[in-house]
Structure formats: structure tokens, C-alpha cells
1. Do any residues in segment 18-39 that are touching a residue at least 40 places away in the same chain (Cβ under 8 Å) and more than 16 Å from Phe91 (Cα to Cα) have Cβ atoms under 6 Å from those of residues that are surrounded by 14 or more Cβ atoms within 10 Å (Cβ to Cβ) and charged (D, E, K, R), where the two are at least six apart or on different chains, and which pairs are they?
2. Report, by residue number, each residue of segment 1-39 that is among the polar types (S, T, N, Q) and more than 13 Å from Gln52 (Cα to Cα).
3. Which residue, of Val99, Val115, Val119, is of a type in the set (A, V, I, L, M) and within 22 Å of Asp8 (Cα to Cα)?
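Only the coordinates and a few stated rules stand behind these numbers; no lab work does. Keep in mind the model is a prediction, meaning the values are calculated, not measured. Ideal geometry is used to build each Cβ from the backbone, glycine not excepted, and the neighbour counts take in all protein chains shown.
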Amino acid sequence: MLFFYPRDNTTGCTNESQQFSKLAPEYDKAGTKVYGVSKDSMVSHHKFIAKQSLAINLLSDEKSDVCEQFGVWAEKKMYGKSFMGIVRTTFLINGDGCVSRKWPKVKIEGHAAEVLEAVKSL
């Protein structure tokens, strides 16, 4: 399972990562690994994991290659300004390496639990 998020140590991304971390033992029990992906460096990820006591794996996509392949690197707007960034999106990948389900433009609250239910239904 991959969840793409904009940036380490921001309020929303911290909340989302903490929710997936809290449920990490249940994901493991269901045979699913959880990977968070952002453009932050591995140094940033290690600090983020330590600071927030995260129990999930984080991957770095500094050049946006993976983000572009998954279609989550897109134009965003904030306060009337446009910029390129990661659109918060989750992908459930089955044992054959195929995407089983996609959650675009994720709303954080309850999302980790919703994904876990989908994992259990595979």
C-alpha cells in the first residue's frame, strides 16, 4: 500500500502518518506493508519518523519520478496561487503488483481505517 503525501512534519501529513502508524500492526497482520511517499529526502524522513515515533516506512521521491508515474504530481492552488505538488492519494496494491483500489484527494480523518478495511476484503 502506498500513500502519497505532500511534506514531512506538516500538520496534515503528520496526522495521516500517525494514523497509519497506529494501525501498522493490523496492516502487518493482514499481510500488507504501508509505505508513505513524498519528495522529502531520506534524512528528512528519518527525522520525521524519530520525531513522531512512526511505525511505517517512508520512501523518498526527490525527483518526482514515482509521483509522476502514479499521477499524483499535479498543479495545486492555495491562496489564489498555482504550484506543482503532491496530491494526497492512496493506492492499494495487490499481491500481483497491480493497483486494486485508488483513493484520490484523500481526506485524512478515518482514512487509514478505511484503507485497512479494504485490505481485509482482498
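1. Lys39/Asp61
2. First pass over segment 1-39, keeping only residues among the polar types (S, T, N, Q): 9-11, 14-15, 17-19, 21, 32, 38.
Hits for segment 1-39 are Thr32, Ser38.
3. Values: Val99 fails: within 22 Å of Asp8 (Cα to Cα); Val119 fails: within 22 Å of Asp8 (Cα to Cα).
Of Val99, Val115, Val119, the one residue that is of a type in the set (A, V, I, L, M) and within 22 Å of Asp8 (Cα to Cα) is Val115.
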